[in-house]
Every structure is written in C-alpha cells, then in structure tokens.
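The structure under discussion appears below in the form of structure tokens.
The values are calculated or read from the model by the stated rules, or taken from the named source; none is laboratory data. What you see is a predicted model, and the numbers here were worked out from it, not measured in a lab. A quick note on method: Cβ atoms are made from the backbone with ideal geometry, for glycine too, and the neighbour counts reach across all protein chains shown.
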Amino acid sequence: MANEPVIEIRNLSKIYRDFWGRKKVQAVKSLNLEVYRGEVFGLLGPNGSGKTTTMKMLLGLLFPTSGEMKILGKPASDVSKNEKIGYLPEESYLYRFLNADETLDFYGRLFNMSAADRNRRADELIEMVGLTKARRRQLKEYSKGMTRRIGLAQALINDPELVLLDEPTSGLDPIGTREMKDLILKLKASGKTVVMCSHQLGDVQDVCDRIAVLFQGELKVLGRVDELLEIRDEMQIRTGSLSEEAQAEIRKVLDKHNVKNASIQRPRADLEELFLRTVRESGERPGRRFTTEEIAAGADKASGK
C-alpha cells in the first residue's frame, strides 16, 4: 500500500547531557516525519544536523528524550522489529579475516536462517553486489568500495522490508556509485522501503522519491524531489534534431512540423542548490520551516528570475 506508513515519527526530540545531567546539545528538535511503504526516502543535512541520531533511534540504539517512533507498526524500542530491517552503517564494522561467504553465513546465523537459506541468499547477494570473483578473499584485502558492497549484502541477508543506508556510496568510484544507485532502485522495484542518508546530493536526486532536510536538529524541508526542484516561472521544450525551417517557425507552430518526441515541462533546479540554500537561510532565520512555495520562489531567484 503506497500510503501505508512504515516509519512514523511524532514530536521526536533527543537531548545529549553531560556527566552531571546538564543539557549539552539538542540533537533533534520536535521532529515529525512519515516514510511510506515502497518509497526511497532521503534524509539530508550538514554534519551535526541530527541525521545519524535519528537513524540510531529508529534502530533502538539510542532512546529519545521525548516523542514517539513506530517502525513497521511497532515501537522503536521493540527489538523484534529489527528482524525485518536491514542496516548499512557509514562505517562497515565487519570481521576482516572472514571472506564474503563466511561473512554472510555469520549474519545469516544471527537471524536463525537455515544452512540452505544462508547459502542461497549468499549466492544471490554476492552476485547482486558484483563480488563473485572476490568471494573467497578475506575482507582485509578488500578496497573500501568492495567493503561497502559486502556491507550492503549483509544488510540484505534477512530479506528485510525496510532498508536503512548511511552514506551507501561512500568510497565508491563513479561506476560503483552508478551500480549502487541501480541496486537501490532495484530494492524499490521489489517493494522494499529504503531510507538513506547521504552527502552525495546528486545520488539522492537520482534515486529518492521524497527528501527531508534537517538543520541543527530541526526539519526544514520535506517533500517530493520533483516538486521541490521545479522552477515554476519557466517552461522548457525539448525535442530531437530539427531542420532549419522548423527552428525558424518553432515559435509560431510546433506541431505544424510534426515534431517527434517533444515534451513541455518546467525545468528543475539542482538538489545541491536547494540543500545549500536551505542551510544558508536556516542559519539566517533559525526556527523557520520553509514551504514548497518559498522553496520554488528561491529557485526562481537563483535562476535569475
């Protein structure tokens, strides 16, 4: 069900305190958020914005100071929910002296999978992440990109409903990055829900349906990527190759020349521009959350309109 929430966050706050119990920093402030089944959701923000804290609270590794969190219909504190969750941390903490098969077998045992299921899933996942030729090598010999690949495989060993990815393209070359994005889209096509944190804004723009931008623990922007990046005061027409005659008359009548593969749509701004503008304006106006209309107006201004 497209509108079925997999993650529900209500008035979530997290305060870190010092040894004497005094407030040190508020990492998350009154966060309200929903992630729906089958979508790829991007969680963005500069360092210290509360992304990792939110991710850890979803997993039950940290407890909120106040507010509520539900994952797959269960409270975040219910560890049984983790049987249906896959998690790829920013730094993969894997056993360096195991090879790919042994690593996936180890994590499969944690989910009480049978030997036959562990072997089957290991074969599927190693092929999926492109490590077939390196499956017998110890992980200490892997490059960082290869380590990210086997990390993703271990996150999927239990065939989870919800996949949490923290910087999934970290350390990957352009080809590996493209393959990782294709894998994320493949997970979506199979009906899984994906939540990803990333500083690679182009990657988020390519795969995410919706995004949330956090700044100093507050939610600043929430919406669909295509809507947030739309420049509303412009229209663009894209066609294939045109004859000189067609180019001369294009302003009068487009369909007179029966132009094929023509599309008329509003152009899109760049996600990196949206992100940097949100952070800059959030610093100038703390406590302010921006509407889609304000974001569109900012995109128009940035484009020179």
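Tell me the residue from Lys84, Lys56 that is within 19 Å of Glu4 (Cα to Cα) and among the charged types (D, E, K, R), please.
Lys84
Have a look at Leu62, Leu58, Leu12 and point out the one that is among the hydrophobic types (A, V, I, L, M, F, W, C) and in a strand (DSSP E or B).
After applying the criteria, what remains is Leu12.
List the pairs whose first member sits in region 183-211 and is under 21 Å from Gly50 (Cβ atoms) and in contact (Cβ under 8 Å) with a residue 24 or more places away in the chain, whose second member is assigned to a loop (DSSP other than H, G, I, E, B) and among the β-branched types (Val, Ile, Thr), and whose Cβ atoms are under 8 Å apart, counting only residues at least 6 apart or on separate chains?
Hits for this filter: Ser198/Thr169; Gln200/Thr169; Asp203/Thr169.
Is it the case that region 162-172 has a residue that's closer than 28 Å to Lys81 by Cβ, of a type in the set (Ser, Thr, Tyr) and touching a residue at least 60 places away in the same chain (Cβ under 8 Å)?
For region 162-172, residues closer than 28 Å to Lys81 by Cβ, of a type in the set (Ser, Thr, Tyr) and touching a residue at least 60 places away in the same chain (Cβ under 8 Å): present.
Considering only region 32-45, I want to know if a residue exists there that is touching an Asp or Glu at 6+ places or on another chain (Cβ under 8 Å), within 16 Å of Val163 (Cβ to Cβ), surrounded by 16 or more Cβ atoms within 10 Å (Cβ to Cβ) and among the charged types (D, E, K, R).
Scanning region 32-45, I find at least one residue that is touching an Asp or Glu at 6+ places or on another chain (Cβ under 8 Å), within 16 Å of Val163 (Cβ to Cβ), surrounded by 16 or more Cβ atoms within 10 Å (Cβ to Cβ) and among the charged types (D, E, K, R), so the answer is yes.
Would you confirm whether or not region 84-103 contains a residue that is of a type in the set (A, V, I, L, M, F, W, C), farther than 27 Å from Ile175 by Cα and assigned to a helix (DSSP H, G or I)?
So far as region 84-103 goes, no, none of its residues is of a type in the set (A, V, I, L, M, F, W, C), farther than 27 Å from Ile175 by Cα and assigned to a helix (DSSP H, G or I).
Would you be able to say whether some residue in region 168-179 is surrounded by 18 or more Cβ atoms within 10 Å (Cβ to Cβ) and touching a strand residue (DSSP E or B) at 6+ places or on another chain (Cβ under 8 Å)?
Checking region 168-179: at least one residue is surrounded by 18 or more Cβ atoms within 10 Å (Cβ to Cβ) and touching a strand residue (DSSP E or B) at 6+ places or on another chain (Cβ under 8 Å).
Looking at Lys29 and the list (1) under 25 Å from Arg277 (Cβ atoms); (2) surrounded by fewer than 16 Cβ atoms within 10 Å (Cβ to Cβ); (3) touching a Gly at 6+ places or on another chain (Cβ under 7 Å), which single condition is not satisfied?
(2)
Find all pairs meeting these conditions: Cβ atoms under 9 angstrom apart; at least six residues apart or on different chains; first residue within region 268-294 and without any contact (Cβ under 8 Å) to a residue 24 or more places away in the chain; second residue hydroxyl-bearing (Ser, Thr, Tyr) and surrounded by fewer than 15 Cβ atoms within 10 Å (Cβ to Cβ).
Pairs found: none.
If you check every pair at least six apart or on different chains, which have Cβ atoms under 6 Å apart with a residue in region 119-144 that is under 16 Å from Tyr107 (Cα atoms) first and a residue that is part of a helix (DSSP H, G or I) and small (Gly, Ala, Ser) second?
Cβ pairs passing all conditions: Leu125/Ala153; Ile126/Ala100; Arg135/Ala100.
Filter region 129-148 down to the residues that are at pLDDT 90 or above and basic (Lys, Arg), then identify the one that is surrounded by the most Cβ atoms within 10 Å (Cβ to Cβ).
Arg135
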